[in-house]
Ligand code: UD1
């Protein structure tokens with residue numbers, strides 16, 4: 001029997017968003033099929049999340065791998081079209097803003113299949129970010145737009161989206177965090193790295209704007225060097241960052257006793273490191289939200305964020321690559337005078353439940 005619902009996952013930040021949805025569909029005994037595009041494929045960028053989060057094996061694996069944006073997006077479209085033509089689902093659910101999101105939305109829509117976009121409406125207003133292009137285009141063709149924060153509503157309204165299609169449901173990634181928090185706290189991973197609670201900063205850097213050219217990457221390393229003189233840092237290195245550190249021969253410059261480099265980590269290990277960190281320095285989107293929920297200071301190495309609620313109510317500040325700003329905030333964090341986070345509307349662990357209810361009521 002064909003399933004009426006397809007759920008798409010492709011890259012690391014998708015997997016923590018689809019896990020709570022899958023659990024909810026199972027709870028409601030609604031049949032679905034899971035499609036993994038293979039945009040991310042290394043064990044520690046993909047399968048470890050399926051294992052950590054109890055996501056079952058995908059029904060279809062498209063095996064597209066890496067490539068330029070055009071190559072990767074096109075390969076996903078070609079492979080996904082074959083599956084969709086055979087299976088004819090009624091609804092395709094895409095999450096986030098990666099290449100798999102826009103590629104699958106586009107294929108579905110051109111075959112007159114409805115599309116739901118989870119985490120719709122976020123805007124950095126920076127079209128140099130590939131994700132911003134993916135978000136805007138996906139939202140233009142999606143039939144159902146599920147949003148995480150109020151700013152998304154204003155953005156979508158300005159772009160001419162019919163607000164009857166928009167549903168303010170909260171944040172599925174926070175559902176996932178809530179579901180896994182106790183398990184992550186108990187796994188004690190930070191102790192395996194010989195770290196003490198609140199005695200280190202946690203770093204993640206992978207955006208092309210920070211790591212793809214030598215000058216930007218050098219600047220980031222300069223920042224890390226300043227921080228490691230103040231406090232120990234743990235830095236799980238993303239494959240894009242690793243490749244560029246090697247390409248520009250910068251390995252020696254981050255080889256410092258106070259910088260602990262690791263491979264990309266699984267969900268539970270990383271969450272354990274987050275919970276026990278004194279602060280986080282990142283250029284990720286999702287981590288701005290997770291740290292805000294956990295009330296852990298987070299400095300974002302970007303000049304904009306598509307998630308403004310994390311600054312307004314959460315623990316986030318934008319620091320670009322401005323070393324003076326970073327020094328100021330690190331001083332505040334280390335002297336415990338940095339701002340505290342407040343609770344954020346509908347980030348309560350019930351978002352997947354709200355989404356599935358809407359899907360049952362309105363779509364299937
Ligand atoms: C992608 C997403 C980005 C997300 C990030 C999280 C897009 C446009 N970008 O960026 O939004 O924040 O994932 O990780 O969809 N590589 C591996 N192993 C893998 C995957 C990639 O070694 O499993 C290598 C690739 O060869 C490539 C580099 O990592 O050189 C970057 O991968 P790519 O998928 O192009 O983009 P990300 O930077 O991961």
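The values are calculated or read from the model by the stated rules, or taken from the named source; none is laboratory data. As the structure is a computational prediction, the values presented were derived from the model and not from experiment. Note that each Cβ is placed from the backbone with ideal geometry, even for glycine, and that neighbours are counted across all protein chains shown.
List of remarks:
- Among the residues making up region 41-64, those that are away from the ligand (no atom under 14 Å from the Cβ), part of a helix (DSSP H, G or I) and surrounded by 17 or more Cβ atoms within 10 Å (Cβ to Cβ) are 52, 53.
- For region 65-81, a residue qualifies if it is away from the ligand (no atom under 11 Å from the Cβ) and touching a helix residue (DSSP H, G or I) at 6+ places or on another chain (Cβ under 7 Å), and the qualifying residues are 77, 80, 81.
- Condition check for residue 166 on (1) crowded, with 19+ Cβ neighbours inside 10 Å; (2) in contact with a helix residue (DSSP H, G or I) (Cβ under 7 Å, 6 or more places away or on another chain); (3) without any contact (Cβ under 8 Å) to a residue 40 or more places away in the chain: one failure, at (3).
- Residues within region 99-110 that are in contact with a helix residue (DSSP H, G or I) (Cβ under 6 Å, 6 or more places away or on another chain), without any contact (Cβ under 8 Å) to a residue 60 or more places away in the chain and either within 16 Å of residue 18 (Cβ to Cβ) or more than 15 Å from the ligand (Cβ to nearest atom) (or both), tallied: 3
- Any hit, region 3-12, residues being within 10 Å of the ligand (Cβ to nearest atom) and part of a helix (DSSP H, G or I): yes
- Here residue 121 meets the list (1) closer than 20 Å to residue 289 by Cβ; (2) in contact with a helix residue (DSSP H, G or I) (Cβ under 7 Å, 6 or more places away or on another chain); (3) within 13 Å of the ligand (Cβ to nearest atom) almost entirely, failing just condition (3).
- Tally, over region 293-326, of residues that are in contact with a strand residue (DSSP E or B) (Cβ under 6 Å, 6 or more places away or on another chain) and assigned to a helix (DSSP H, G or I): 1
- Looking across region 20-40, the residues that are at negative phi and either touching a strand residue (DSSP E or B) at 6+ places or on another chain (Cβ under 6 Å) or within 16 Å of the ligand (Cβ to nearest atom) (or both) come down to 25, 32, 33, 34, 35, 36, 37, 39, 40.
- Pairing residues of region 116-132 that are under 10 Å from residue 304 (Cβ atoms) with residues that are surrounded by fewer than 18 Cβ atoms within 10 Å (Cβ to Cβ) and modelled with pLDDT of 95 or more, at Cβ distances under 6 Å and at least 6 apart in sequence or on separate chains, gives 124/304; 126/304; 132/126.
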